[in-house]
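Chemist: Questions regarding the structure given below will be posed in turn.
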Amino acid sequence: MDAEYSCYQCISTSDNEGDCDESDLDKLAPFIKPCPRLEEGTFKGSEAKACRKIVQTVETKKSIIRECAYSGDVVDGQKKTGNWGINMYYYQCENTGDEPCNSTRHPLTAVLSLMLSLVALLFM
């Protein structure tokens, strides 16, 4: 893995990171950062293998977290539900070009959403 693996790294609810929830690549550009090697934990010494985007809703407050991923597989919208009204959707991807892959939803998700909408319209 390239030592300079980069991902968008930000949290939309943090100060000065409000644009983290944007899908506009120009607004996300300041958040492109090289992924550091992990210094502690189970994967200590590991380099990033992917990028991750988490859409988290706690009761009614939504936040976007973009980060480097050191474990796990490629996923597209894996839902995890917790206690106290916490819902999380995980998107994990591997970079294939110059831009980090955790900017927006995976193109497949958009296509599937469109197809499901069309099917729903047919049955109305």
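Chemist: Keeping to segment 56-93, report how many residues are on the phi < 0 side of the Ramachandran plot, in contact with a Ser or Thr (Cβ under 9 Å, 6 or more places away or on another chain) and not acidic (Asp, Glu).
Modeler: Going through segment 56-93 one residue at a time, the tally reaches 16.
Chemist: Further question on the same structure: Run ALA48 past the list (1) loosely packed, with under 13 Cβ neighbours inside 10 Å; (2) within 19 Å of ASP98 (Cβ to Cβ) and report the number of the one that doesn't hold.
Modeler: (1)
Chemist: Consider segment 29-56. How many of its residues are part of a loop (DSSP other than H, G, I, E, B) and closer than 13 Å to GLN9 by Cβ?
Modeler: In the first step, residues of segment 29-56 are kept if they are part of a loop (DSSP other than H, G, I, E, B); the result is 35-49.
Next cut, closer than 13 Å to GLN9 by Cβ only: 35-36, 48.
Looking only at that region, the number is 3.
Chemist: Limited to segment 1-20, what total is found for residues that are in a helix (DSSP H, G or I) and either on the phi > 0 side of the Ramachandran plot or crowded, with 18+ Cβ neighbours inside 10 Å (or both)? Walk me through it before giving the result.
Modeler: Taking segment 1-20 as the starting set, the residues that turn out to be in a helix (DSSP H, G or I) are 18-20.
If we keep only those that are either on the phi > 0 side of the Ramachandran plot or crowded, with 18+ Cβ neighbours inside 10 Å (or both) as well, we get 20.
Count: 1.
Chemist: Still on this structure, I have one more. Select from segment 7-28 the residues that are among the aliphatic types (A, V, I, L, M) and either at pLDDT 95 or above or in contact with a helix residue (DSSP H, G or I) (Cβ under 7 Å, 6 or more places away or on another chain) (or both) and write down the one among them that is nearest to ASN87 (Cα to Cα). Talk me through it step by step, then tell me what you get.
Modeler: Just the residues of segment 7-28 that are among the aliphatic types (A, V, I, L, M), to begin with: 11, 25, 28.
Applying the additional criterion that residues be either at pLDDT 95 or above or in contact with a helix residue (DSSP H, G or I) (Cβ under 7 Å, 6 or more places away or on another chain) (or both) yields 11, 28.
Working: ILE11: 16, LEU28: 24 Å.
The selected residue is ILE11.
Chemist: I've got another one for you. Would you confirm, using the coordinates I've provided, whether TYR70 is of a type outside the set (A, V, I, L, M), without any contact (Cβ under 8 Å) to a residue 60 or more places away in the chain and buried (at least 16 other Cβ atoms within 10 Å of the Cβ)?
Modeler: Numbers: of a type outside the set (A, V, I, L, M): yes; without any contact (Cβ under 8 Å) to a residue 60 or more places away in the chain: yes; buried (at least 16 other Cβ atoms within 10 Å of the Cβ): yes.
Yes.
The values are calculated or read from the model by the stated rules, or taken from the named source; none is laboratory data. Small disclaimer: the values here were computed from a predicted structure and weren't measured. Virtual Cβ from ideal backbone geometry, glycine too; neighbours counted across all protein chains shown.
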